[in-house]
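The values are calculated or read from the model by the stated rules, or taken from the named source; none is laboratory data. Since this is a predicted model, take the numbers as computed values, not measurements. Note: ideal-geometry Cβ built from the backbone for every residue, glycine included; neighbour counts use all protein chains shown.
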Amino acid sequence: MVTRAYRFAAQASLVARVYGGYKLIQAVGRLGLPGIDGRYARHHRRSAEATYRLATRLEGLPIKVCQFLGSRADILPTEYVEVLSRLQDRVPPRPLAKLRPYLEREFGGPLDEVFAMLEPVPIASASLAQVHRGRLRDGREVAVKIQYPDIGDLVAIDLENFAILVGLLARLEPEFDFRVVLDEVRKYVPLELDFVHEADNAERMAEHLAARPDVLVPAVVRERSTRRVLVMDYAPGVRVTDVAGLRALGLDPPDVARRLLELFCEQLLVHGFFHADPHPGNILVQPGGRFVLLDFGLAKDLPPGFREGIVRLVAAIVTGDAPAVAAAFRALGFRTRDAGDDSLAWLGEAFLGWAIRNGRAYADPEMIARFGAEMPRRFGTNPLVEIPADVLLVGRVMGILSGIGKQLGSEADVGAILLPYLVGAAPV
């Protein structure tokens, strides 16, 4: 009870400070006072730093939320991206000495019987677990993912707290109602705490992508893995957003972004099974441009007919057929308050149409700014009342990829990338 009250008070205090700061700046702007842009930039930076400090102190779900926000260079101010992206795989770790008794309970014996070497300093640390490099007794080089012992309880507490805060914000700012997103977090985060489930997902993805020499999914060492400890082959690489590192490998960052988008189009539109958490800490790049995909705790099977529905939607958007766009959205499960097509047709244009017709990258800042400003007016007359969960998850993935694309300077023509899938052929 004390833990929940403490976490809620800390989270509520941060939300109040950040929200209140923006409302104050808006009030100053209405008075016509100069220097508004500078005020916003300073508040962005202060808010991002405060959010970072709170997330690292509380650990668990707040870090996961920050990882997502830190990858959204397409929609968030630079100050937030610069600060929060530090959490993508560099969360302050826990000492291995403190985790050792927990690990030995999981393995059912001394670590020396399992590992010839286990490095004490993690190579990555994230919201739910940290990863150490090791070597098994048989000489196999491995990465050992260790779930934090108390993380399940903290996640449950934070989900309850977030529900209260998100509900309050929805009352204060009806156009920013994130309750549907929170429902998705409730549904999927618990799955990420089951490493057997993650191992199953990794092996399935490896099978789907086995024909691609440009993709590696590290093999799972099943006999040494448990529900809370995952052992897999060690696969080093450069973070996908490390522009200098990519160039040092002789790679062109915009081309890396284009190929990454193609890879996820294949997952979504060919296999119907996709990595649903592609933040930069989960995607590495090796010499020659091979992608290493990590962390399959959140992977998703699309329901029957979903892929076909998405293809119909994209085809309608490409041809500019507004009634067909609205019909395709409804077939996927979207519902608006009234029966008119206008809101859904506009959503199709915002989702993809403008980028395709202008040959622009999905992450184009002009597009984001234009449609962000227009959204309240468009949906004010006929708002969305139901959004299918699967589309939300796909949208989240595309949003993360959009942010990565912007960081890599992508100018990919989304229409050209999608066209082979619309005619039933995957690109080679």
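Some observations on this one:
- Filter result for LEU159 (hydrophobic (A, V, I, L, M, F, W, C), outside the structural domain of GLN267 (by TED's automatic domain parsing) and outside any helix (DSSP H, G or I)): no
- Flag: ALA199 does not match the condition of being without any contact (Cβ under 8 Å) to a residue 24 or more places away in the chain and either in a strand (DSSP E or B) or not assigned by TED's automatic domain parsing to the domain that holds ILE283 (or both).
- Yes/no for TYR362 being within 24 Å of LEU293 (Cβ to Cβ), at pLDDT 60 or above and aromatic (Phe, Trp, Tyr): no
- Filtering region 273-316 to residues that are at positive phi and at pLDDT 90 or above leaves GLY288, GLY289, ASP295.
- Within region 237-271, the residues that satisfy the criterion of being closer than 24 Å to ILE310 by Cβ, buried (at least 18 other Cβ atoms within 10 Å of the Cβ) and touching a Lys or Arg at 6+ places or on another chain (Cβ under 9 Å) are ALA257, LEU263, GLU266, LEU268, LEU269.
- In region 127-156, the qualifying residues are those that are assigned to a loop (DSSP other than H, G, I, E, B) and in contact with a strand residue (DSSP E or B) (Cβ under 9 Å, 6 or more places away or on another chain), and the one that is nearest to LYS98 (Cα to Cα) is TYR148.
- Among the candidates LEU118, LEU84, LEU24, LEU103, residue that is within 27 Å of the chain's Cα centre (by Cα) and either closer than 29 Å to GLU160 by Cα or surrounded by 18 or more Cβ atoms within 10 Å (Cβ to Cβ) (or both): LEU84
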